[in-house]
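Reading through the structure tokens given below for one structure.
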Amino acid sequence: MTDRDQEISAVLHRLAEREEIPDFVMPTAASAPKPRRGKRHWYRWSSLSIATAGAVLFAAGVGTYVSPDFAAQVRSWTGQTAQGANSHKENPSSNAQSSKETIQALFGMGNVDRGIERAMRGYAQKINASVTDQGITLEVIAILADPTRVFVSYQIKKEDGSLLDPKLIRKTLDKVIALTDDTNQRLTNGHGGGWDEKNMIGYLQFSVEEEQGPVPERMKLLIDVNKMGEVEGNWKLEVPFSVKEAMAATRISQVEKEYTTPQGLQIALRTVTEAPSATVLRLETKWDEAAKKRLAQYSRDMTGKTQNHDYAPFVPYQQYQLEYRILDKDGRDVAAYQQKDKFLEQGVLKEGRVSRDQYGHFIWNTAYVPFEGSGPFTFVLDAVHVAEPAALTIDFHPEKLLTEPKRVEYEGNGITVKSLQKQQGQTSQSTALELEMAFRDISAIEHVWWEITDQSGKSYPINGAAFDSVGEDSQGRKIVRMTLNVEEMEQIPQQLTLSLSAVTKRYADVQWSVDLPLK
């Protein structure tokens, strides 16, 4: 038995002797993560449609599975009888520490969220299934799952027991990693994951979409890898497991409440799923007929005015977002999505968005860490964010910007062109255009909606953007600094025109709340 196996066995043995495992205590609001300011984010746009990008995000999320009672399983792993398991009683703080140690032993210290910590009490399996080839062993350590997601930990070892980089199986393209049913039919379109660098543990995460049919009671984890780094071989594992008990522990409540915003967006809250590791809200959104007529005109107004002409036609239909909160019985936020003035999605584990058509009809499955606080809980819609055409042009002389920045007002929002200069350490054709914006009702501007041309009419590609959120001005407008990455500008022209074809606006003129049927 390796040192690692001894450590896991010892921790599991101690846990098996506890009579019960206490409820996981959620962090208080005071210890909740705060939105980070001043962090620069870079975005590079691709030609994926928004609907396609949403489907990809959903496929890379998390998924479905479970095992029998964890404490009973631990006793079977360590050979303890029921009598032996109850022979020692310890205080709750000791039990909580033991639960934490168990999580670390099976899943390391990496991407383990509070939902997994909660579900660890009854829905984790120590697997230790392995396959060896070319002196390299791939071992699945543990699986934790319920009907909302599957979380797998694994390690890669050499013959002497030393650990290899767990990212090896993620780097190679010559592999199959999937969940299947008993007949080997695929249940997933992809997987996500992560790793714990300190303990050299890798993670796999899966999502099983309801759109693919009912979740089967039995599934298999399939890993088939033919290359580890530069070493070719054959590492194939099939790990079966049952979802039956997890399904029994999961509650799906029908809500079926609907609302139409003043902008014509129809929103339906369909179901709420309570599983051991997550609470999932399922919503459906689409535009009413009057809104579709308005959006058709928006589409005509925007077509041909972005860097990729194929990108614009469906933007007004597809590029929108909801902003909402979940409140406990005392009116305190226990979860939030797209919260106003914060780059924060409180408690969100994953967002799944499935497109029904090209005209903005979506199914949303958003998973949260199980809500803390006391119910009843209430869903409150705060705003909707909608893409709309814009008609803004700014003429400026680059050499005058350092002493005379160009400032304009656009429908109550301020935009300042601050500088245009070559980027240090970049190619001679890479130029940074610095902007500062004071947003009143604008919540986002995609860099593909900007266009920059010189006095001769030549257009220069804008290939990415960075932004910093730096507070508010005296009018309460949100201040954002944006850097546009302008390419193919060998020499800085004497005069330039910056044009903006669209913006995303935030509308708070909504009034909708729904009582959630949660336990």
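Tabulated data for the structure shown
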item	result
Qualifying residue in the range 129-136 (condition: buried (at least 19 other Cβ atoms within 10 Å of the Cβ) and either in a strand (DSSP E or B) or aromatic (Phe, Trp, Tyr) (or both))	yes
Residue count for the range 186-214, restricted to those that are surrounded by 12 or more Cβ atoms within 10 Å (Cβ to Cβ) and outside any strand (DSSP E or B)	13
Unmet criterion (only one of (1) surrounded by fewer than 19 Cβ atoms within 10 Å (Cβ to Cβ); (2) not assigned by TED's automatic domain parsing to the domain that holds residue 304) for residue 413	(1)
Test: residue in the range 138-145 that is out of contact with any helix residue (DSSP H, G or I) (no Cβ under 7 Å at 6 or more places or on another chain), surrounded by fewer than 19 Cβ atoms within 10 Å (Cβ to Cβ) and more than 24 Å from residue 245 (Cβ to Cβ)	yes
Residue 456 being modelled with pLDDT of 90 or more, surrounded by fewer than 18 Cβ atoms within 10 Å (Cβ to Cβ) and either under 30 Å from residue 321 (Cα atoms) or aliphatic (A, V, I, L, M) (or both)	no
Filter result (part of a strand (DSSP E or B) and either modelled with pLDDT of 95 or more or in contact with a His (Cβ under 9 Å, 6 or more places away or on another chain) (or both)) within the range 502-514	504, 505, 506, 507, 512, 513, 514
Tabulated pairs, the range 413-424, first among the small types (Gly, Ala, Ser), second part of a loop (DSSP other than H, G, I, E, B), C-beta under 9 angstrom, 6+ apart or interchain	414/440; 414/473; 414/475; 414/477; 419/401; 419/402; 419/405
Qualifying residue in the range 398-408 (condition: of a type in the set (A, V, I, L, M) and in the same structural domain as residue 301 (by TED's automatic domain parsing))	no
Qualifying residue in the range 303-323 (condition: acidic (Asp, Glu), at pLDDT 95 or above and either surrounded by fewer than 19 Cβ atoms within 10 Å (Cβ to Cβ) or within 21 Å of the chain's Cα centre (by Cα) (or both))	no
Tabulated pairs, the range 98-117, first in the same structural domain as residue 128 (by TED's automatic domain parsing) and part of a helix (DSSP H, G or I), second among the β-branched types (Val, Ile, Thr) and modelled with pLDDT under 65, C-beta under 6 angstrom, 6+ apart or interchain	99/21; 101/11; 102/11; 105/8; 105/11
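The values are calculated or read from the model by the stated rules, or taken from the named source; none is laboratory data. Since the model is a prediction, treat every value here as computed from it, not as a measurement. Cβ sites come from the backbone with ideal geometry, for glycine too, and all protein chains shown count toward neighbours.
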